[in-house]
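Trainee: Below is one structure. I have some questions about it.
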Amino acid sequence: MADDLVIFGGSGSPKLTLKICEYLKTRPGAGEVLRFSDGNLFVRVRENVRGRHVYLVQSTVFPTNDNFMEMLFWTDALKRASAESVTVVMPYFSYAKGDKKDEPRVSIRARVCADAIEVAGADRVVTLDLHAPQIQGFFHIPVDDLYALPVLCAEIARKQLPNLIVVSPDTGFVKQARKYCFFPGRFNRGRGQTAQGS
């Protein structure tokens, strides 16, 4: 493992961070997160990252706002510690569904979050199955939108579960849900069915 690369894990993805480090035969970067009684978060980088390429693994799953703010604080702390680059690995982008202004006087939440990630100092974002591909256009930095489809389909096929139905959480994800039904080596033997959730 090159000395100029280090992987940090936030509170939102401890197991994934350990798995990535195990695969790459390295150890997670040293850091800590403190939570104060008033709800404030405090992050501290506990090793030298000057001139190093840092990968920050932090999903924004529940508690969404805490994990999102923690990700911003980690990014800022790493850049202020003179990291050469910070790549945010965000397996789940919680505000991605807020990608449009579909009624009056509402926020385009995904855009606000994209701006915040950039301002905090991220140089690149790696995420998984964005709600809509155009969200990549909200960023002015590179975004790698990876797909879980091949891995999930292989795992479902391995379980040999009968009478499966793929459900989309809303109309925005229906096209992606159909890809699961007709993926090569699919688990439904060609009879793809999708059901749209409410």
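Trainee: Pick the calculated percent of Cα pairs over 23 Å apart for this structure from (i) 60; (ii) 51; (iii) 48?
Mentor: Read-out taken from this structure: (ii).
Trainee: Just order 143-155, 68-80 by mean Cβ neighbour count inside 10 Å, highest at the front, would you?
Mentor: 68-80, 143-155
Trainee: Suppose every K and R has +1 on its Cβ and every D and E has -1 on its Cβ; what is the size of the dipole of the chain about the Cα centre, in Debye to the nearest 20?
Mentor: 740 debye
Trainee: Sticking with this structure for a sec: Remind me, relative contact order of the chain in percent, using alpha carbon pairs under 8 angstrom and six or more residues apart?
Mentor: 14 percent
Trainee: Name the residues of the stretch 1-22 whose amide N is less than 11 Å from a point 7 angstrom out from the Cα of residue 33 along the C-beta direction?
Mentor: Under 11 Å, as judged by backbone N against the label point of residue 33, lie 9-15 of the stretch 1-22.
Trainee: Going toward the positive end of the dipole of the stretch 1-113, with +1 on Lys and Arg Cβ and -1 on Asp and Glu Cβ, which of 43, 113, 82 do you reach last?
Mentor: Farthest along the dipole direction, towards plus: 113.
Trainee: Given only helices, namely DSSP H runs of n ≥ 4 each adding -39500 (n - 2.57), what is the per-residue ellipticity at 222 nm of the chain, to the nearest 500 deg cm²/dmol?
Mentor: Taking each H run of at least 4 residues, the total per residue is -9000 deg cm²/dmol.
Trainee: Which of the lysines could be linked to residue 15 by a straight reach, that is with a Cα gap under 30 Å, when you skip same-chain ones fewer than 8 residues away?
Mentor: Correct list for residue 15: 25, 79, 97, 159, 179.
Trainee: How many angstrom lie between the C-alpha centres of the stretch 7-52 and the stretch 120-177?
Mentor: Distance between centres, Cα-based: 25 Å.
Trainee: Select from the chain the helices, each a whole stretch of DSSP H, whose alpha-carbon atoms run 20 Å or more along the helix axis and whose Kyte-Doolittle mean is at least 1.0; answer none if there are none.
Mentor: For the chain, where a helix must reach 20 Å along its axis and average at least 1.0, there are no hits.
FYI, it's all coordinate maths here, none of it is from the lab. Just so we're clear, the structure is a prediction, and the values are computed from it rather than from any experiment. Don't worry about glycine lacking a Cβ; one is built from the backbone with ideal geometry, like all the others, and counts go over all protein chains shown.
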